[in-house]
Ligand SMILES: NC(=O)c1ccc[n+]([C@@H]2O[C@H](COP(=O)([O-])OP(=O)(O)OC[C@H]3O[C@@H](n4cnc5c(N)ncnc54)[C@H](OP(=O)(O)O)[C@@H]3O)[C@@H](O)[C@H]2O)c1
């Protein structure tokens, strides 16, 4: 099968299209014929080892000490179940699914096998393979940070910093779904996009500073890495929470110490895909509550160009890879 393979860490040119062996499903696995995938910030980090501060060595431990352990990137995908192992009953050949392969990766190829209990869900009716492929990365991250760490509730004032990226666009839509009043911070050229997906207020970070102007927030979700505790804390309400999606190792380790009991809190960590949350997101997509935004689509053969575009840090929403 054709796959985008990388055997060393580095710039987009380390990724090339090669013919590799098609995976065989074990008894507890499904074989997926992939239709679409994405190059996202997770792929960029695994390819380049450009990690948040303090995570450099941990990145090597996770992705491979001297070179990539998994040669095919792609942490989100959509496609059709081609075959299933003897012990799989939840899926059958022909099912249209989307998935978050997490550490298994492998979305940038024609086929991938996943465990039957992996983060896999049926594509909602009326949703294309391209859109389904990009539900999980932003959707799961925004959902788990806002709902599980932030304990978002109706009426909360939420600020999303980095609102025009994959995670930010999902966070704005999900925060609105949970009944919050949402402010989105992005550059002026993306203001209309962020407003169009439901933000009540849009702040252009090139001309304004969200920490000035007197507003206070119950939740601040930082997907841009420019709202550390020292900057965000003064504009949190008395029990406000700072959700650092893009936190450093120090943020993660220090979070329990800087957070004041029953007061302002700093939360960092890693979102992990699971089938239940994918089904939750699929339901929101079916209802038109959550619409993953696609910036560009590249064929698998142009994957290095897709990586180069993601490396600019200027994408709006998701960059899709069309495999079929
Ligand atoms: N913890 C986890 O489990 C987890 C999961 C997923 C992602 N992440 C991390 O979350 C971060 C965001 O991911 P993503 O996929 O959403 O990235 P992305 O799609 O590249 O979006 C980043 C956005 O940040 C905006 N931005 C840049 N500078 C800014 C500033 N000074 N103020 C406000 N916005 C600014 C950019 O918009 P403009 O072009 O308008 O500047 C861009 O749209 C990445 O660092 C990723 O590694 C963490």
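Readers should treat all values here as calculations from the given coordinates under stated rules, not as data from a laboratory. In this text the structure is predicted, and so the values were computed from the model without any measurement.
So the values come out like this:
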read-out	value
Rounded, prolate or oblate (a/c below 1.5 giving rounded, otherwise prolate when a/b exceeds b/c) for the range 163-251 by Cα gyration tensor	rounded
Degrees separating the helix 249-258 axis from the principal Cα axis of the chain, which is the longest one	40
Percentage relative contact order, the chain, counting C-alpha pairs under 8 Å, at least six apart	21
Kirkwood Rh and Cα Rg combined as Rg over Rh, evaluated for the range 126-215	0.99
The range 2-39-the range 282-307 distance, computed between alpha-carbon centres (Å)	18
Rg followed by Dmax, in Å, when the chain is reduced to its Cα trace	19.4, 61
Among beta bridges that DSSP assigns inside the chain, antiparallel share in %, nearest 5	55
Tensor-based shape of the range 122-280 (alpha-carbon gyration tensor, a/c under 1.5 rounded, otherwise prolate or oblate)	oblate
